[in-house]
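Input: a single structure, listed below in C-alpha cells.
The values are calculated or read from the model by the stated rules, or taken from the named source; none is laboratory data. Because the structure is a prediction, the values reported are computed rather than measured. Here the Cβ is made from the backbone with ideal geometry for all residues, glycine too, and neighbour counts use every protein chain on show. Heads up: the accessible areas ignore ligands, DNA and RNA and are worked out on the full protein's heavy atoms, side chains in. Shrake-Rupley method; radii C 1.70, N 1.55, O 1.52, S 1.80 Å.
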Amino acid sequence: KWRIADPASFVPRRQRLQLDIAQAKPGEARERARIDLIRFLFVNGFLAEAIGVIEAAVAERAEVANSAEFRLLRGGTRFLMGRIAEAREDFADKSLDGLDEGLFWRSVVEAVAGDRAYAARELRRVGPIIRFYPRALALPLGLIVAETAVDLGDFKVAVFYLESLLATGPTPPQRAHVDYLEGRIFELTGDFDKALEKWEAVGKGPDRLARFRATRDRIELRLKLEQIDRIEAIEELENLRYAWRGDDMEFAQLRRLGTLYLETEDYREGLRTLRQAATNFREHARAPEVTLQMADAFTSLFLEDEADKLSPVSAIALFEEFRELTPVGGRGDEMIRKLADRLTKVDLLDRAAELLRGQVEFRLKGVE
C-alpha cells in the first residue's frame, strides 16, 4: 500500500507524511508517523532519505530498534545501500528468529557476502516472498536470488525468477542484468554461442555494471573456446581494467590479469599487477593468496632458472624491483648467489658484487 504508481504523486505524499510527523505529539504517535514515512521511502527506493528518518527515530528513542519490523526496514535499507556489515547486524537480531521474511533477508545478505551454498538452500524455500514486493525492491532482490541459483546450478529456479522479473517490466538497465544472467545460464548449460551473443549485446547496453560483467565473462569464454589466445585476452582485459573499480570484482580482475601475464612469461607486468591487487585490497580475505602467488612466481624465476629466459640486465632489474619477495633463510641466500653467478658470467661484476655485499652485511653470519 505504500508503493506509488505515478511518480508525480511522490512529493505530495511525502510532504503529507512529513506533516503528520510535525503535527504528532512527541512519543508513540510521532514514532508511528516516522515509521510510516520510513516504509514509504524504503518501498519506493529512496534509501538515503529513509536512513535519515531511521536515524532520527533512533536518536529520539533507541528502543524503537528492538522491533522486528524496524530491524527489517533498517537492515533492508542498509543492504540496498551496500552497507553489508551493518545490514548483517540488523538481520542477526533475535527479533527476526522464526520469521520467513527475516530468514529471506539474512539469506540475501549471505548470498552477497559470499556464502552462496547456505543462501541457496534457504532462498529455495523463502525466496517467493519477493513476489509480493513492489518493483523497486523485487527487481534488485530477485536478481540476487536468481544469481545465487545460477551459482549453485539450480537453473530451473533461476529461470523462474528471471521470467518473473521480466514480467514486472524492468527498465533497460535492469533488463541488462537479467540478460547477463541468462547468458550465464546458456554458458553453464553448454550453449556457448547464445551466451556469447547475449553478452555481446549486454556489453553495448546502458548499465555499467552489467556491461563490465558481460564483457569480462565473454572474454573468458572466448579464451576457453580458443577463439582468442592469452595475449589477446590480456589486451581486452586491460581495456576493461578501469571499467569497474573498488570492490571484489576489481580485485578479481587484477588477480586474473596478473596470472595471465605470468602465464605468458611477462613476469614484470604479472608481478606488478598482482602487487597492485594485494596493495589496494589489503583487507580482502584473499589478499594473502595473491601475496603467496607472487612469492611462488618469484621463487620459480630465480631458484628454478625461469629467469634464464630473461637477459641478465632484465633479471637483475626484476630482482631489485621485487626484492621484498626474496625468501628468508637458505633458499633466499641461494637465490642471490645464483643471480650473482649469472651476472658474473656476463661481466656485470659491480652488480654481482653489490648483491654479495648485501648478503655479507645483512643476511649471513659465521662461516658463510
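For this structure, a couple of remarks:
- For R275, the conditions (1) in contact (Cβ under 8 Å) with a residue 40 or more places away in the chain; (2) surrounded by fewer than 17 Cβ atoms within 10 Å (Cβ to Cβ); (3) more than 23 Å from R351 (Cα to Cα) all hold with the exception of (2).
- The sole residue among A243, A176 that is part of a helix (DSSP H, G or I), in contact with a helix residue (DSSP H, G or I) (Cβ under 9 Å, 6 or more places away or on another chain) and not charged (D, E, K, R) is A176.
- Residue check for G98: open to solvent by less than 20 Å² (accessible area, probe 1.4 Å) and either within 19 Å of Y133 (Cβ to Cβ) or free of Cβ contacts under 8 Å to residues at least 40 places away in the same chain (or both): no
- In the set (1) crowded, with 16+ Cβ neighbours inside 10 Å; (2) farther than 25 Å from A50 by Cα; (3) over 18 Å from the mean Cα position of the chain (by Cα), the condition left unmet by Q174 is number (2).
- Pairs are defined by a Cβ separation below 7 Å, a sequence spacing of at least 6 or placement on different chains, a first member in the stretch 69-80 that is touching a residue at least 60 places away in the same chain (Cβ under 8 Å), and a second member that is crowded, with 21+ Cβ neighbours inside 10 Å; the pairs so defined are G76/F42; G76/W105.
- For L223, the conditions (1) of a type outside the set (D, E, K, R); (2) crowded, with 16+ Cβ neighbours inside 10 Å; (3) in contact (Cβ under 8 Å) with a residue 12 or more places away in the chain all hold with the exception of (3).
- Of all residues in the stretch 145-166 being open to solvent by 10 Å² or more (accessible area, probe 1.4 Å) and among the β-branched types (V, I, T), the one that is modelled with the lowest pLDDT: V157
- Pairs meeting the criteria (first residue in the stretch 3-22 and closer than 17 Å to R135 by Cα, second residue of a type in the set (D, E) and in a helix (DSSP H, G or I), beta carbons under 8 Å, at least 6 apart or on different chains) are lacking.
- Condition check for R351: closer than 27 Å to D266 by Cβ and more than 41 Å from the chain's Cα centre (by Cα): yes
- For A136: the one exception among (1) over 24 Å from G75 (Cα atoms); (2) within 23 Å of the chain's Cα centre (by Cα); (3) part of a helix (DSSP H, G or I): (1)
- Number of positions in the stretch 191-220 that are open to solvent by less than 40 Å² (accessible area, probe 1.4 Å) and either in contact with a Pro (Cβ under 8 Å, 6 or more places away or on another chain) or outside any helix (DSSP H, G or I) (or both): 4
- Taking the stretch 78-95 as the range and being buried (at least 23 other Cβ atoms within 10 Å of the Cβ) and out of contact with any Asp or Glu (no Cβ under 7 Å at 6 or more places or on another chain) as the test, the residues that pass are F79, A87, D90, F91.
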